[in-house]
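The numbers here are math on the coordinates, done by the rules we state, and not lab data. As the structure is a computational prediction, the values presented were derived from the model and not from experiment. In this analysis, Cβ positions are derived from the backbone assuming ideal geometry, glycine residues included, and neighbour counts consider all displayed protein chains.
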Amino acid sequence: MNKKAVNACILVVAIFASLLCAEVAVRIFFPQPYDNFFSFSSQEWPAGFNDWFQNARPRPKISFTLIPGTTTKFSVSNRVNNYGCLDINRKIEKNTNTFRVLVLGDSVTTEGYPPYPYLLEELLNKEGSYVYEVWNCAFPTYNTFQEKEFFKNKGLTFMPDMVLIGFCLNDFDPGYIALKQNGNTYLWQTSDNLWLQINPIMFEHSHLYRFIISRIITYKANAILAKKIVKHKPEKYYRNLSKLEYDMVYNSLEEIKNYAAEKGIPLFIIIFPYLKDISSYSPHDRDSYSAIVEIATKLNIPYLELIPYFEKNGEWFDFRYRERSWDDIHMNNKGHRLITEAILTFLLQSGLKDKNNF
């Protein structure tokens, strides 16, 4: 074997060894679990939603919302309703004595047995003033930008009399693929069908590959989003919350408010805490909490903070799923019932009993 061939072999072995070491290092220090990469989008949803949760990981043809009739653990009826939402079947037509509440949010609002929108509808109808409908139009993994897109394109067609936004602190996360389509910018979660154009085998099996690709896509997403979003000046400096995150939430909530105001629809924000003592929040989480309160105040959107209700009614772990004690985001039935009562009190104090009060 000549010298060039030997050097080439050494180079190949060195590259392979370096990649192997990098793969091991990422797995140890920056793990990138495959199941952390969801297949949901603000504009389009995969038809195989339920199959994905059964680990089939399909790459089906996609449509605007969930496919009506799809079976899913997130729906109260275990079926996606006739409008592609995780709710019971509904009719858009309504009588003059119907009061319709539209709820936007993410999996905190959809995951529960039953979740708080369903419980809220039950309690409201005991008031007797109207026939109350609480439409659950939340989707797992959505952030505020995606909720705004849904509300603008579809939620308004449901003719709501009120809009509630279930705000989770991770809604500040803008780490999505950004795609332009028909002149609009849409944010995609980082494992949609686009990954098939990269390398599905590498993406499924290599933490290093997922780490590199997700960083590249996040950079591109942020670059596109930064050009689209109007910049705002926070009242305080948030060391651990990026300006892009702040502006994304501010602009999205402002647009939702403006769309609602054009139709005379009152808007409220429900601020969900993480299910742990606030002293154990990460610096980013603490900044996120301060920022959403500041943004809601600046936009003059009424909001409900739920931390005091949880603190008065038990230990934080009491509201977590027993089988998922590590999950400090999603609530069990006790948590959903607690916040339902808090939301009802909040809305009644805001004049819910009479449409004319708004």
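Once you have the Cα-Cα distance between Lys152 and Val12, take 0.36 nm times their residue separation minus that, and quote the gain in nm to one decimal.
Value of the extension gain: 45.1 nm.
Could you work out how much longer the chain between Cys21 and Lys91 gets when fully extended? Use 0.36 nm per residue separation minus the Cα distance between them, nm to one decimal.
Here the answer is 19.5 nm.
If we sort 119-127, 273-281, 241-249 on the protection proxy, mean other Cβ atoms within 10 Å, highest first, what's the order?
241-249, 119-127, 273-281
Residues with amide H under 5 Å of Tyr303's amide H, sequence separation 5 or more or different chain, H placed in the peptide plane at 1.01 Å from N; which?
Ile269
Filter the cross-link list Lys94/Lys298; Lys243/Lys263; Lys148/Lys233; Lys73/Lys220; Lys126/Lys298 down to pairs whose alpha-carbon distance in this structure exceeds 26 Å.
Lys94/Lys298; Lys243/Lys263; Lys73/Lys220; Lys126/Lys298
If I take R0 = 22 Å and measure r between the Cβ atoms of Lys334 and Thr141 in this structure, what FRET efficiency does the formula 1/(1 + (r/R0)^6) give, to the nearest 0.05?
0.35
Applying the Karplus parametrisation 6.51 cos²θ - 1.76 cosθ + 1.60 with θ = phi - 60° to the phi angles of region 321-329, what ³J(HN,Hα) value in whole Hz is obtained for each residue in order, glycine and proline being reported as x?
Per-residue couplings from phi come out as 5, 4, 7, 9, 4, 6, 7, 9, 10 Hz.
Can you give me the distance in nm between label points at Phe30 and Met159, each placed 7 Å from the Cα along the Cα-to-Cβ direction?
Reported label-point gap for Phe30 and Met159 is 5.2 nm.
Figure the gain on full extension for Glu311 and Lys233 (residue separation times 0.36 nm, minus the Cα-Cα span) and round it to one decimal in nm.
Length gained between Glu311 and Lys233: 24.9 nm.
Testing the spin-label approximation: label points 7 Å from Cα along Cα→Cβ at Lys243 and Asp277. State their distance in nm.
So the label points at Lys243 and Asp277 sit 3.7 nm apart.
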